[in-house]
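Accompanying notes for the structure given below.
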Amino acid sequence: MAGITLITGGCRSGKSGFALRLAEESQGEKVFVATCPILDEEMHQRIHKHKQERENARWITVEEETNLASRFDSDRIRPGSIVVVDCLSLWINNLLYQAERSDRLLNEEEVRILCKELTHTISRSPIERVIFVSSEVGLGIVPPTKSGRIYRDLLGTCNQTVAQSADSVYFMVSGIPLSVRNPKRRQLG
């Protein structure tokens with residue numbers, strides 16, 4: 001049964017770096033699942049830079065913008081692998097964008113179901129651990145736009161649902177990981 005770690009925090013709080021360090025400390029093939037779409041040249045350059053950094057460390061990069069569960073419900077990721085999914089924030093953004101393009105609404109119940117399907121699929125997979133990275137967007141002011149409030153709510157639902165299935169949860173503050181849940185304390189909360 002694969003372990004699940006959730007790392008959340010603000011933008012540029014050190015989430016991705018901490019996720020990569022956790023993965024590097026573990027045995028097994030390292031797989032990076034990227035959810036970020038290339039929207040402009042700056043984003044293309046950023047993604048290219050990060051890919052090169054991981055390639056030098058012998059990471060396998062898999063790109064998946066919307067159907068994360070499919071990546072774990074196949075033989076594409078070898079048994080015993082350590083997988084970093086970076087990030088759930090963009091995954092929810094991509095799902096919301098996809099729904100809007102199809103002229104439909106993405107709601108919290110649908111996100112809850114997708115997250116439960118994802119964590120259930122992972123729990124049945126032969127990989128060692130999945131480390132999810134996600135932004136915590138609910139700590140600031142209420143977004144001034146309807147779409148901003150919808151996104152905040154959907155991501156909050158996603159983070160809560162994944163956290164419930166995670167055996168370890170970290171909150172990043174200025175590059176410092178705060179353990180919110182660890183396996184030894186799992187039964188407490």
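The values are calculated or read from the model by the stated rules, or taken from the named source; none is laboratory data. This structure is a prediction, so every number in the text was calculated from the model and none was measured. Neighbour counts run over all protein chains shown; Cβ positions are idealised from the backbone, glycine included.
Annotations for the structure displayed:
- The selection criterion, being among the β-branched types (V, I, T) and free of Cβ contacts under 8 Å to residues at least 12 places away in the same chain, holds for V142.
- Check on S125, closer than 17 Å to K15 by Cα and surrounded by 17 or more Cβ atoms within 10 Å (Cβ to Cβ): no
- Looking across segment 170-187, the residues that are at pLDDT 80 or above and either in a strand (DSSP E or B) or not polar (S, T, N, Q) (or both) come down to Y170, F171, M172, V173, G175, I176, P177, L178, S179, V180, R181.
- Filter result (within 13 Å of the chain's Cα centre (by Cα) and either crowded, with 24+ Cβ neighbours inside 10 Å or within 22 Å of D73 (Cβ to Cβ) (or both)) within segment 1-19: I4, T5, L6, I7, T8, K15, A19
- Residue pairs whose Cβ atoms lie under 6 Å apart, sitting 6 or more positions apart in sequence or on different chains, and linking a residue in segment 122-139 that is without any contact (Cβ under 8 Å) to a residue 60 or more places away in the chain to a partner that is surrounded by 20 or more Cβ atoms within 10 Å (Cβ to Cβ), are V137/L155.
- D103, sole failed condition from (1) out of contact with any Leu (no Cβ under 9 Å at 6 or more places or on another chain); (2) surrounded by 12 or more Cβ atoms within 10 Å (Cβ to Cβ): (2)
- Elements of type helices (runs of 4 or more DSSP H) in segment 1-116, at least 3 residues being modelled with pLDDT under 95 and touching a helix residue (DSSP H, G or I) at 6+ places or on another chain (Cβ under 6 Å): 68-72
- With respect to being small (G, A, S) and touching a Cys at 6+ places or on another chain (Cβ under 9 Å), S165 fits the description.
- The single condition among (1) of a type outside the set (V, I, T); (2) surrounded by 17 or more Cβ atoms within 10 Å (Cβ to Cβ); (3) touching a Ser or Thr at 6+ places or on another chain (Cβ under 8 Å); (4) touching a residue at least 60 places away in the same chain (Cβ under 8 Å) that L154 does not meet is (3).
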